[in-house]
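Heads up: the structure comes next, in structure tokens.
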């Protein structure tokens, strides 16, 4: 089913038990210690830095982040297009998670924080544009992450470099808050705020390249696809290329 996937709205059934078992990394996506600990750490970091009172998780899957926020006394809600995933939300959290597309209007007019973690790469560019319009209309603070490198998963139909997302959110008035350590989420995550100082076009490119260099170093995979590369001629290209070269040498040594 995932091999025929062309959009999130027409392909919602692709997000079934098999997808959550094999399509979300080496650890099955389920109520296990690994995923609950990850989302607990994300919630703790965001609460410590932002102290939000209301949160909406856009693309909440099985509701782990909603669960983590509510277990810490924060009002949180979520939505996901997967009927299977929503059916796996912890029973006491189910009233706060709904099956819905992010292209549809969100339930409330304002949230202190909207999180969107590894979701928009599953949507067509047109769907992603509508989702961004909805997200940016209901909050001043967004935690966002979308892989620039995982082209293996068939539902990843909209993989882009971070600069593309920076430009889309900048068009809605959002720029990165560079004081928050987003590595708690992923090496390419962004905390975007309406009141953050805007980046110039050159600043966006440098921020993009710094994220990609950091991602390459952390991922330790020398086979980097084009959306996750630092192009020649940019200040960090030599550092990026040298990092990949060292990874390849290390892989040869370990054979």
**Matching residues, the range 69-85, being in a helix (DSSP H, G or I) and in contact with a strand residue (DSSP E or B) (Cβ under 8 Å, 6 or more places away or on another chain)** = 69, 70, 83
**Prompt:** Which residue, of 76, 128, 170, is at pLDDT 95 or above, farther than 28 Å from residue 221 by Cβ and crowded, with 23+ Cβ neighbours inside 10 Å?
**Reply:** 76
**Request:** Return the pairs, sorted by first residue and then second, in which the second residue is modelled with pLDDT under 95 and in a loop (DSSP other than H, G, I, E, B), the first residue lies in the range 22-42 and is outside the structural domain of residue 153 (by TED's automatic domain parsing) and over 25 Å from residue 154 (Cα atoms), the beta carbons are less than 6 Å apart, and the residues are 6+ apart or on different chains.
**Result:** none
**Prompt:** Has the range 169-176 got any residue that is assigned by TED's automatic domain parsing to the domain that holds residue 12 and under 25 Å from residue 6 (Cα atoms)?
**Reply:** yes
**Request:** Would you mind stating whether residue 65 is within 23 Å of residue 123 (Cβ to Cβ) and either surrounded by fewer than 23 Cβ atoms within 10 Å (Cβ to Cβ) or assigned by TED's automatic domain parsing to the domain that holds residue 132 (or both)?
**Result:** yes
**Complete:** Of those in the range 21-46 that are in a loop (DSSP other than H, G, I, E, B) and crowded, with 17+ Cβ neighbours inside 10 Å, the residue modelled with the highest pLDDT is 29
**Asked** Among the listed residues 206, 180, which satisfies the condition of being touching a helix residue (DSSP H, G or I) at 6+ places or on another chain (Cβ under 8 Å) and within 30 Å of residue 130 (Cβ to Cβ)?
**Response** 180
**Asked** Any idea which residue in the range 88-99 is farthest from residue 62 (Cα to Cα), counting only those that are buried (at least 17 other Cβ atoms within 10 Å of the Cβ) and touching a strand residue (DSSP E or B) at 6+ places or on another chain (Cβ under 6 Å)?
**Response** 96
**Item:** From 230, 159, residue being touching a helix residue (DSSP H, G or I) at 6+ places or on another chain (Cβ under 6 Å), outside the structural domain of residue 48 (by TED's automatic domain parsing), buried (at least 20 other Cβ atoms within 10 Å of the Cβ) and modelled with pLDDT of 95 or more
**Value:** 230
**Prompt:** Right, residue 191: touching a strand residue (DSSP E or B) at 6+ places or on another chain (Cβ under 9 Å) and under 20 Å from residue 151 (Cβ atoms) or not?
**Reply:** no
**Request:** State all residues of the range 4-20 that are touching a residue at least 24 places away in the same chain (Cβ under 8 Å) and either outside the structural domain of residue 102 (by TED's automatic domain parsing) or assigned to a loop (DSSP other than H, G, I, E, B) (or both); if no residue qualifies, say none.
**Result:** 5, 6, 7, 8, 9, 11, 15, 16
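Being over 25 Å from residue 51 (Cα atoms) and either buried (at least 21 other Cβ atoms within 10 Å of the Cβ) or in the same structural domain as residue 147 (by TED's automatic domain parsing) (or both) narrows it down to one residue among 115, 103; which is it? Give the derivation first.
Working: 115 fails: over 25 Å from residue 51 (Cα atoms).
Selected residue: 103, the only one of 115, 103 that is over 25 Å from residue 51 (Cα atoms) and either buried (at least 21 other Cβ atoms within 10 Å of the Cβ) or in the same structural domain as residue 147 (by TED's automatic domain parsing) (or both).
The values are calculated or read from the model by the stated rules, or taken from the named source; none is laboratory data. The model shown is predicted, which means the values in this text are computed figures rather than measured ones. Please note: Cβ atoms are built from the backbone with ideal geometry, for glycine as well, and neighbour counts cover all protein chains shown.
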